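Working notes, structure below.
The values are calculated or read from the model by the stated rules, or taken from the named source; none is laboratory data. From a predicted model like this one, the values you see are computed outputs, not experimental measurements. Here the Cβ positions follow ideal geometry from the backbone for every residue, glycine too, while neighbour counts run over all protein chains shown. Note: areas computed on protein heavy atoms with side chains; ligands, DNA, RNA excluded. Shrake-Rupley method; radii C 1.70, N 1.55, O 1.52, S 1.80 Å.
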Amino acid sequence: MHPSAFFLPTFLEAVRTNTEESIASIMTEPIPGVFSFAMLQPNFCDMLLEEVENFEKWVHAMKFKIMRPNTMNKYGAVLDDFGLESMLNQFMEEFIAPISKVFYPEVGGGTLDSHHAFVVEYGKDRDVELGFHVDDSEVTLNVCLGKQFSGGELYFRGIRCENHVNSETQHEEMYDYSHVPGRAVLHRGRHRHGARPTSSGLRMNLLLWCRSSVFREMKKYQMDFSSWCGECQREKTERQIQCVKATKLAFLRGAGGAMI
């Protein structure tokens, strides 16, 4: 891990200052819970791409079977499989955890303790798009590494708990994010999303799924996820509205009876 060679100075200074104000100063938040910021040096993006390409060539030459990132992506590689696990764990602990602690405390952002890191590839003779899904993470970092491409926008459709993962999307929850090499997008793992078709060129992205064993254990005993699930919030608000209406009606009936 060589932070000054990996990260842009603005990002590095904000995280090292480690205040809510310094971190917020480099962020844009186009919709609630989705943060975008300039993060990686161009040279680091190139180095990581070269390393992945070399690994894939070696696997092919040795006739080994490569472990793909997940059940949805058929191209790409798990970075922990070729010597980057320790570096990426430090990446999470020192540079993602401080941000997650500020913006995602309700989903274990302050107790991240493991990760799954991989690179995905989109384009001709690669994955073209990615269907609507949620990640197996508490917090997801997604950074475009390059190369030249068009299309491939990331679309978001609201944060949901397991009980509401297939519920309807509200208009205000819809957002499309366009990838820029070196720029990161950070979101909750339960924020439903997908990738539109990459219409030309080759797009490669670094994904870091950050997990909290503490949050996962606590979640087993929770019934109310309204602090972060959009549908739980709407149901809770509706219950409160109905309760207020019922209270007002009971009061009016009581007042009418007293007058009689």
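List of remarks:
- Within the range 64-83, residues that are farther than 13 Å from Leu130 by Cα and open to solvent by less than 30 Å² (accessible area, probe 1.4 Å) have Cβ atoms under 8 Å from residues that are β-branched (Val, Ile, Thr) and assigned to a loop (DSSP other than H, G, I, E, B) in these pairs: Ala77/Ile66, counting only partners at least 6 apart in sequence or on another chain.
- Candidates are the residues of the range 135-173 that are without any contact (Cβ under 8 Å) to a residue 60 or more places away in the chain and within 15 Å of the chain's Cα centre (by Cα); the one that is farthest from Ala195 (Cα to Cα) is Arg157.
- So Glu13, is it touching a helix residue (DSSP H, G or I) at 6+ places or on another chain (Cβ under 8 Å), closer than 21 Å to Val180 by Cβ, free of Cβ contacts under 8 Å to residues at least 12 places away in the same chain and not in a loop (DSSP other than H, G, I, E, B): yes
- Within the range 155-186, the set of residues being outside any helix (DSSP H, G or I) and within 13 Å of Cys229 (Cα to Cα) comprises Arg157, Gly158, Ile159, Arg160, Cys161, Val165, Asn166, Ser167, Glu168, Thr169, Gln170.
- Taken over the range 196-218, the residue count meeting the criterion of being over 18 Å from the mean Cα position of the chain (by Cα) and open to solvent by 50 Å² or more (accessible area, probe 1.4 Å) is 6.
- Of all residues in the range 15-25, none are more than 27 Å from Tyr104 (Cα to Cα) and out of contact with any strand residue (DSSP E or B) (no Cβ under 9 Å at 6 or more places or on another chain).
- Restricting the range 101-133 to residues that are open to solvent by 40 Å² or more (accessible area, probe 1.4 Å) and β-branched (Val, Ile, Thr) leaves a set whose member that is farthest from Trp228 (Cα to Cα) is Val128.
- The range 159-186, subset out of contact with any Cys (no Cβ under 9 Å at 6 or more places or on another chain) and small (Gly, Ala, Ser), residue farthest from Ser36 (Cα to Cα): Ser167
- Complete set of residues in the range 140-156 that are surrounded by fewer than 18 Cβ atoms within 10 Å (Cβ to Cβ) and either under 13 Å from Pro30 (Cα atoms) or aromatic (Phe, Trp, Tyr) (or both): Tyr155
- Annotation note: of Arg183, Arg188, the sole residue that is at pLDDT 95 or above, open to solvent by 60 Å² or more (accessible area, probe 1.4 Å) and within 23 Å of Lys101 (Cα to Cα) is Arg183.
- Taken over the range 220-233, the criterion of being under 21 Å from Thr169 (Cβ atoms) and either hydroxyl-bearing (Ser, Thr, Tyr) or without any contact (Cβ under 8 Å) to a residue 12 or more places away in the chain (or both) is satisfied by Ser226, Ser227, Gln233.
Here's the yes/no breakdown for (1) within 15 Å of the chain's Cα centre (by Cα); (2) within 23 Å of Leu202 (Cα to Cα); (3) charged (D, E, K, R); (4) open to solvent by 10 Å² or more (accessible area, probe 1.4 Å):
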position: Pro42; (1), (2), (3), (4): no, yes, no, yes
position: Cys45; (1), (2), (3), (4): no, yes, no, no
position: Glu85; (1), (2), (3), (4): no, no, yes, yes
position: Glu93; (1), (2), (3), (4): no, no, yes, yes
